[in-house]
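Down below is the structure, laid out as structure tokens.
The values are calculated or read from the model by the stated rules, or taken from the named source; none is laboratory data. Worth saying up front: this structure is predicted, and the values here are computed from it rather than measured. Quick reminder, even Gly has a Cβ in these numbers, built from the backbone with ideal geometry, and neighbours come from all protein chains shown.
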Amino acid sequence: MKRSNLYKGYVAALFCSTLIFLIGCTKEKGYYETPNVIVGTDLNTYDYLKSKPGVYDSLLLVIDELGMQDILRDSNVTLFAVSNQGFQIALKNLNNTRKAKGQRSIFLKELASGFSSIPSQKVKATGDSANLDTMVARYIVRGQFKTSDFAVGDGLGILSVRGGYPMHGRRLYADAEGMQGGGSEIIEFANTKRSVFTPNWALATTSSVNIKTKNGVVHLLEPDHVFGYDEFASRLTYIPPPPNLFLTPGSTWFMQFQDPNAVDGSVDPGEKFIKVHDGNVLTKFIAVFNPNSNRITMNWVAPEPVISNVYTLSTANDSAPRDPRSWLVEGSLDGVNYVRLDSRQDVVWESRFQMKVFDFDNTVAYKYYRVIILTNWGDGSLMQLSEWTMNYRAPVN
């Protein structure tokens, strides 16, 4: 009997040790798998922000001034909420830029109102309000999206509530306990800048996600996210160019290659020279280019001689090395003898679809104007632009 009991004891011990071994050898997942928890509230999205005094006051101020309250009260939307700190950083950047230009500081309420008591500033004030409307609308997207909706593949394209501007969301995992990607779910919320190339995107990440309101979903962005991404200061210090002379009826355009064998549209039949003066920044002109053997000359023939003292160039959607780096601007009375009006070297472009305005001294009415592209930023075979204009700025008395 004792021997039988001893045998059973051995069997039991062997079973337990085997079980412990198997449990101990279970393969680790390698990350903390957080459940997709939805935090709920009976408040609508607007009232939810109101319930957090001291956190989203700046966002609410802009929403109220722009008359967007009903979008957050009744519409089926997802909000990526920017904190007060995000607005404070943006305003500091803006006012530092204004200070460098000798301009006074400006406040968020003033920007949002679109009002100025100074007659010369009324157009600018209206434009500032419109720019603010555009930027805040990108944080409000159509439909309700949780983190799980952004988990497929490389994420999900989403559209802003106004204008249908393309934004993008992608689910990631935060770092935790010394493990990269070992924490809870977060969303990488991107301003695509209308580019299919992700390196051109501006990114933000969330601190809290999946707050279900009565009419939508709220994700809270990290407090250090700068409102407007990288566009706030540039958009609100931007002064539009004067009227585009290309709009004059009877204008004609043509382009010339230094290489006689080069052909317009040889790179892409849908991206010919006509696209550079079609008034649409989303289209582009791309051409074979070599700074040594195939420079490009863009020509405009005015219906009648006209004074131009401003021009603009705009970058296209991709590949910064194709951007123009140096060029000449010339004018002619007869289309044969040209006078140099302006030259630029090492012009740096900070983003895609970026327009730069260039002023130059000229008081002569020329019938022929041309821009000769001398170099680009490194692409040895291609040059591209989305827009080119010639303009006139009246002198200030």
*Does the range 272-279 contain at least one residue that is surrounded by fewer than 19 Cβ atoms within 10 Å (Cβ to Cβ), in a helix (DSSP H, G or I) and either in contact with a Pro (Cβ under 9 Å, 6 or more places away or on another chain) or of a type in the set (A, V, I, L, M, F, W, C) (or both)?*
yes
*Yes or no: ASP379 over 17 Å from HIS277 (Cβ atoms), in contact with a helix residue (DSSP H, G or I) (Cβ under 7 Å, 6 or more places away or on another chain) and not aromatic (Phe, Trp, Tyr)?*
yes
*Failed condition for GLY228, given (1) of a type in the set (Gly, Ala, Ser); (2) at pLDDT 95 or above; (3) outside any loop (DSSP other than H, G, I, E, B), with all others met?*
(3)
_VAL371 vs. criteria modelled with pLDDT of 95 or more and within 25 Å of ASP268 (Cβ to Cβ)_ = yes
*Identify, by number, the condition in (1) at pLDDT below 95; (2) surrounded by 19 or more Cβ atoms within 10 Å (Cβ to Cβ); (3) of a type outside the set (A, V, I, L, M, F, W, C) that TYR311 doesn't meet.*
(1)
*Among the residues of the range 210-222, is there at least one that is assigned to a helix (DSSP H, G or I) and surrounded by 14 or more Cβ atoms within 10 Å (Cβ to Cβ)?*
no
_Residues that are part of a strand (DSSP E or B) and buried (at least 18 other Cβ atoms within 10 Å of the Cβ), drawn from the range 295-305_ = ILE296, MET298, ASN299, TRP300, ALA302
*Evaluate the range 328-343: report whether one residue or more is more than 17 Å from THR297 (Cα to Cα) and within 33 Å of the chain's Cα centre (by Cα).*
no
*Can you name every residue in the range 163-186 that is buried (at least 16 other Cβ atoms within 10 Å of the Cβ), at pLDDT 90 or above and outside any strand (DSSP E or B)?*
TYR165
*From (1) in a strand (DSSP E or B); (2) surrounded by fewer than 20 Cβ atoms within 10 Å (Cβ to Cβ), pick out the condition that doesn't hold for ALA130.*
(1)
*Can we say THR198 is surrounded by fewer than 19 Cβ atoms within 10 Å (Cβ to Cβ) and closer than 22 Å to ASP318 by Cβ?*
yes
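Conditions tested, residue by residue: (1) in a strand (DSSP E or B); (2) touching a residue at least 12 places away in the same chain (Cβ under 8 Å); (3) in contact with a strand residue (DSSP E or B) (Cβ under 8 Å, 6 or more places away or on another chain).
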| position | (1), (2), (3) |
| --- | --- |
| THR312 | yes, yes, yes |
| SER326 | yes, yes, yes |
| GLY331 | yes, yes, yes |
| GLY335 | no, yes, yes |
| ASP342 | yes, yes, yes |
| ARG352 | no, yes, no |
| VAL357 | yes, yes, yes |
| TYR369 | yes, yes, yes |
| PRO395 | no, no, no |
